[in-house]
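J.: Right, I'll just put the structure down here and ask away after.
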Amino acid sequence: MNATSPTAAAGLRNGAAWVAHALEAEGVDTIFGYPGGAIMPFYDALVDSGLRHVLVRHEQGAALAANGYARASGKVGVCVATSGPGASNLVTGIADGLLDSVPMVCITGQVATPLLGTDAFQELDVFGMTLPIVKHSFLVRKVDDLPHVLAEAFRLAREGRPGPVLIDLPKDVQIGSAIHLPAHVPASVDAEPAPDAAALAEAIAAIAAAEKPVIYGGGGIGIADAVDVFREFVEATRIPTVLTLRGLGALPGNHPQFLGMLGMHGTRAANIAVQESDLLVVVGARFDDRATGKLAEFAPFARVIHLDADAYEISKLRTADIALPGDVASGLRTLASARSSCDGWRQRCAKNREKHAARYDAPGQDIYAPALLKRLSELVPDAVIACDVGQHQMWVAQHCRFSHPRNHLTSGALGTMGFGLPAAMGAQFACPDRPVVLVSGDGSFMMNVQELVTVARCKLPVKMILLDNSSLGMVRQWQELFFDKRYSEIDLSDNPDFAALARVCGIPATRIEKRADVEDALAALLASPGPGLLHVAIDARANVWPLVPPNTANSTMLESNPNEQKAESAHALPA
């Protein structure tokens with residue numbers, strides 16, 4: 001024991017030390033945080049614990065690293081911050097976790113309970129502030145509440161639809177004696193009930209009767225740990241399948257029934273199939289606006305079977321003809337007995353997939369980002385790829401192939417710029433023996449660039465690919481297409497030399513500008529033993545295609561500026 005520790009000196013275990021013990025009992029091995037006054041007793045307790053603490057350089061980095069850890073591992077991610085600004089800096093990462101159903105426990109220091117409500121130094125109503133962005137918030141008012149709070153926090157984070165839980169820990173609770181408290185015992189997590197048998201039988205009959213069925217899978221497949229069962233369902237029924245952004249990886253990219261991602265930047269084959277389908281079998285998806293486009297015109301001819309662990313998602317946006325709330329894996333096992341007589345439809349969808357496959361033969365000598373990302377995916381097919389938000393995020397979704405949803409870390413619902421670097425850090429701690437690659441853009445990268453120092457300090461072998469178009473690319477694309485090219489505040493031509501910046505932080509880095517250099521640069525980056533950054537200059541005018549314009553149906557997809565080429569209707573395309 002540390003002889004200078006107040007805990008050690010008193011020969012007693014205080015609340016902070018009990019919390020550290022409880023985290024270990026919950027199976028936590030790594031936490032991400034930043035110390036400060038109100039959380040200092042907990043940091044003192046860490047000295048005598050077996051927990052690995054990762055000192056980030058900004059609390060937002062802590063929350064997003066815990067977020068990435070949880071996404072990559074399926075375990076609960078834990079972050080810690082002090083009161084006031086430390087706690088408020090966690091908010092974006094917590095909100096990101098709620099909207100993408102990521103299990104997290106977030107611990108914040110708080111002023112002592114007698115000072116609550118007095119506007120004490122660094123006092124902030126974290127409990128109230130986080131209520132809309134967590135599954136539950138706890139303000140611990142006495143040491144005796146700790147066993148219930150810790151057990152419930154981890155149970156709630158894991159159970160049902162996962163999400164973040166906040167524990168606000170006043171300083172006097174941390175330093176209060178906990179010698180009388182029992183050892184922590186994790187609470188059991190109740191299993192989801194199976195969907196209703198009669199509804200499942202009705203769904204099986206509907207699949208058998210459908211002439212143009214489509215499976216529409218989402219992030220709930222990976223969250224429910226139902227990837228293998230989902231693949232068995234697709235194999236058994238041989239129904240053409242589309243996936244959402246967060247569902248990618250639920251099927252291998254080369255699976256014969258996989259038509260690609262649907263929605264705003266989805267494939268033509270996927271969007272055509274959905275729009276023409278007569279039955280949608282929705283698994284763990286929520287009819288998000290980026291997937292559906294204009295909801296009133298989404299899959300207009302289709303009946304809907306909706307299977308989801310979260311009953312509140314069913315019929316929330318699109319009425320389900322057959323509702324299947326409950327355990328996703330159990331439901332899929334039963335539905336796998338369905339047989340679909342849709343050979344002609346299956347062949348038609350396959351032809352569309354082939355006809356509208358992405359091309360990588362862009363003219364010129366400049367680096368074509370989709371081709372680079374396709375090659376990256378080929379070189380490290382089982383890598384965990386974390387990305388930020390913007391054009392590069394959509395290129396990753398379109399052109400990388402994922403063997404499992406946990407290999408694709410992307411901020412889906414919140415769209416958090418700055419997500420990628422700390423999420424990649426968290427993933428590398430969660431998966432120390434696996435390759436982890438960050439794909440970022442110059443805008444997003446600067447939002448948490450300070451975590452380069454954390455990567456270097458921890459010697460994390462994260463490989464970073466920075467696509468630099470010297471602009472806020474997605475905003476620029478929308479201003480080009482929908483705001484008459486009235487470009488406003490998107491110029492990032494004064495970016496720093498990112499390779500030099502990485503080297504200053506102790507990370508080897510190179511820069512490339514020509515297509516001929518891509519192969520060697522990728523090979524060198526991936527072969528390097530530690531962290532590395534590849535700074536890739538790309539054309540500032542490059543856009544993400546296809547694109548469904550806002551407030552239009554997915555049947556309308558742009559392939560270029562509408563002033564240069566009229567949008568085509570998917571229904572007008574040859575079968």
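The values are calculated or read from the model by the stated rules, or taken from the named source; none is laboratory data. Keep in mind it's a predicted model, so treat the numbers as computed, not measured. Quick reminder, even Gly has a Cβ in these numbers, built from the backbone with ideal geometry, and neighbours come from all protein chains shown.
J.: Answer with yes or no whether L295 is touching a helix residue (DSSP H, G or I) at 6+ places or on another chain (Cβ under 6 Å), surrounded by 14 or more Cβ atoms within 10 Å (Cβ to Cβ) and outside the structural domain of F402 (by TED's automatic domain parsing).
T.: Considered against the rule, which asks whether it is touching a helix residue (DSSP H, G or I) at 6+ places or on another chain (Cβ under 6 Å), surrounded by 14 or more Cβ atoms within 10 Å (Cβ to Cβ) and outside the structural domain of F402 (by TED's automatic domain parsing), L295 comes out as no.
J.: Does segment 137-144 include one or more residues that are under 20 Å from the mean Cα position of the chain (by Cα), modelled with pLDDT of 95 or more, outside any helix (DSSP H, G or I) and closer than 30 Å to Y312 by Cα?
T.: There is no residue in segment 137-144 that is under 20 Å from the mean Cα position of the chain (by Cα), modelled with pLDDT of 95 or more, outside any helix (DSSP H, G or I) and closer than 30 Å to Y312 by Cα.
J.: Moving on. Kindly provide the set of residues from segment 422-451 that are under 17 Å from R503 (Cα atoms), without any contact (Cβ under 8 Å) to a residue 60 or more places away in the chain and in a helix (DSSP H, G or I), ordered by number.
T.: Selection gives D442, F445, M446.
J.: Only one of (1) of a type outside the set (K, R); (2) surrounded by 20 or more Cβ atoms within 10 Å (Cβ to Cβ); (3) assigned to a helix (DSSP H, G or I) fails for S340. Which number is that?
T.: Of (1) of a type outside the set (K, R); (2) surrounded by 20 or more Cβ atoms within 10 Å (Cβ to Cβ); (3) assigned to a helix (DSSP H, G or I), only one is false for S340: (3).
J.: Check off (1) under 19 Å from R268 (Cα atoms); (2) without any contact (Cβ under 8 Å) to a residue 24 or more places away in the chain for D343 and give me the number that stays unchecked.
T.: Condition (1) is where D343 drops out.
J.: Of the residues D310, D388, only one is outside the structural domain of M261 (by TED's automatic domain parsing) and acidic (D, E); which?
T.: Only one candidate qualifies: D388.
J.: May I pose another question? Please verify whether D48 is more than 15 Å from the chain's Cα centre (by Cα) and part of a helix (DSSP H, G or I), treating the condition exactly as stated.
T.: Answer is no for this residue.
J.: Only residues in segment 11-28 that are at pLDDT below 95 count as the first member; pair them with residues that are among the small types (G, A, S), Cβ under 9 angstrom, at least 6 apart or cross-chain, and list the lot.
T.: Pairs found: L12/S177; L12/A178; R13/A45; R13/S177; R13/A178.
J.: Within the group V242, V189, V214, which residue is touching a residue at least 12 places away in the same chain (Cβ under 8 Å), in contact with a helix residue (DSSP H, G or I) (Cβ under 6 Å, 6 or more places away or on another chain) and surrounded by fewer than 20 Cβ atoms within 10 Å (Cβ to Cβ)?
T.: V189
J.: Here is a further query. What is the one condition in (1) within 17 Å of L124 (Cβ to Cβ); (2) over 20 Å from the mean Cα position of the chain (by Cα); (3) outside any helix (DSSP H, G or I) that V28 does not satisfy?
T.: (1)
J.: Quick check on my filter: what residues within segment 297-335 are assigned to a loop (DSSP other than H, G, I, E, B) and closer than 17 Å to D225 by Cα?
T.: Matches in segment 297-335: A309, D310, G326, D327.
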